[in-house]
Amino acid sequence: MLRAVLLDFNGVLVDDEPLHLRLFQRVLGEAGIELDAALYGSEYLGLDDRGCLSKALRRAGRPAEPAAVARLIARKAAYYQEEIRSQGYPFFPGAIELVRALAGDGILLGLVSGALRDEVDGALWQAGVANRFKSIVTAEDVAEGKPDPEGYRVALALLNTEPPLPERIVHPHDAVAIEDSPAGLASAASAGLGTVGVAQSYDAAKLAAADFVVDSIADLSPAALRRRFGG
């Protein structure tokens, strides 16, 4: 029975993947490292900042020392905030409407993202839906990013331990993850959740591991999810 929906952030709610690529290229370029857009799309998309920058450093033959990676993350975060202060968060059509509809239908909501906490909080407050989410897990909350399942396991634990407590425990089979990348889908599936792929960043064929795939988050509704996953 569907009782909870856990959403990814970048590429699912917020249409900022092109911005992230541009900023990764900027901070790595300042370090003398080139990041090809096609390579980013095939190997880096879906990784958190730490994973992406560490991988780029190692590929360039540089040591991915934690202090060096942290400096790159902080610089990218500063550039990201500059862009957002100027332009605002670009939500996908239908994304916030789905969040409100799910919450209104009595479904518990969580968010599992490789983004930084400030980025997620800022976007949810801008959209006026921060209070709709019972659990939010960001890059700072886990030791390993996607495709590791840690983030989804932490999010489920929060659904069950943060007040108000559910009438009964939410198990992985009661929850569905909405993701836009193979890494995200693998993370959710490894944690035992049902999965929905939204082909907003990748072609639908690359999301074939999902239980089902839609072209856009605007194609989803509480009724459609309940038809697929019960309840």
Going through Ala38, Ala67, Ala56, Ala74 one at a time, which residue ends up being among the aliphatic types (A, V, I, L, M), at pLDDT below 95 and not assigned by TED's automatic domain parsing to the domain that holds Gln126? Ala38
Flagged in the stretch 202-219 as over 24 Å from Arg153 (Cα atoms) and buried (at least 20 other Cβ atoms within 10 Å of the Cβ), in numbering order, are Tyr202
Going through the stretch 199-219 in order, the residues found to be closer than 16 Å to Phe91 by Cα and modelled with pLDDT under 95 are Ser201
With respect to Ala4, determine if the residue is under 24 Å from Ala189 (Cβ atoms) and surrounded by 15 or more Cβ atoms within 10 Å (Cβ to Cβ). yes
Only one of these is assigned by TED's automatic domain parsing to the domain that holds Arg132, touching a residue at least 40 places away in the same chain (Cβ under 8 Å), farther than 15 Å from Val112 by Cα and surrounded by fewer than 22 Cβ atoms within 10 Å (Cβ to Cβ): Pro149, Pro166. Name it. Pro166
Among the residues of the stretch 120-136, count how many are without any contact (Cβ under 8 Å) to a residue 40 or more places away in the chain and either polar (S, T, N, Q) or not assigned by TED's automatic domain parsing to the domain that holds Asn10 (or both). 2
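Results for (1) within 24 Å of Arg3 (Cα to Cα); (2) out of contact with any helix residue (DSSP H, G or I) (no Cβ under 8 Å at 6 or more places or on another chain), shown as yes or no for each residue.
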| site | (1), (2) |
| --- | --- |
| Leu72 | no, no |
| Glu82 | no, yes |
| Phe91 | no, no |
| Val112 | yes, no |
Please work out if Ala210 is outside any strand (DSSP E or B), touching a strand residue (DSSP E or B) at 6+ places or on another chain (Cβ under 8 Å) and either under 15 Å from Leu7 (Cβ atoms) or of a type outside the set (Ser, Thr, Tyr) (or both). yes
Sort out which residues of the stretch 109-121 are out of contact with any Phe, Trp or Tyr (no Cβ under 7 Å at 6 or more places or on another chain) and surrounded by fewer than 23 Cβ atoms within 10 Å (Cβ to Cβ), and write them in order of number. Leu116, Arg117, Asp118, Asp121
Going through the stretch 127-153 one residue at a time, which ones are out of contact with any Ser or Thr (no Cβ under 9 Å at 6 or more places or on another chain) and over 25 Å from Gly106 (Cβ atoms)? Glu140, Asp141, Val142, Ala143, Glu144
Within the stretch 166-182, identify whether any single residue is in a helix (DSSP H, G or I) and under 13 Å from the mean Cα position of the chain (by Cα), and answer yes or no. yes
Just for helices (runs of 4 or more DSSP H) wholly inside the stretch 28-119: which have at least 3 residues that are within 23 Å of Asp180 (Cα to Cα) and touching a residue at least 60 places away in the same chain (Cβ under 8 Å)? 49-59, 95-104
Taking the conditions exactly as written (buried (at least 16 other Cβ atoms within 10 Å of the Cβ), farther than 22 Å from Ile73 by Cβ and modelled with pLDDT of 95 or more), does Val196 satisfy them or not? yes
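The values are calculated or read from the model by the stated rules, or taken from the named source; none is laboratory data. Keep in mind that what you see is a predicted model, and the values were worked out from it rather than measured. Note that each Cβ is placed from the backbone with ideal geometry, even for glycine, and that neighbours are counted across all protein chains shown.
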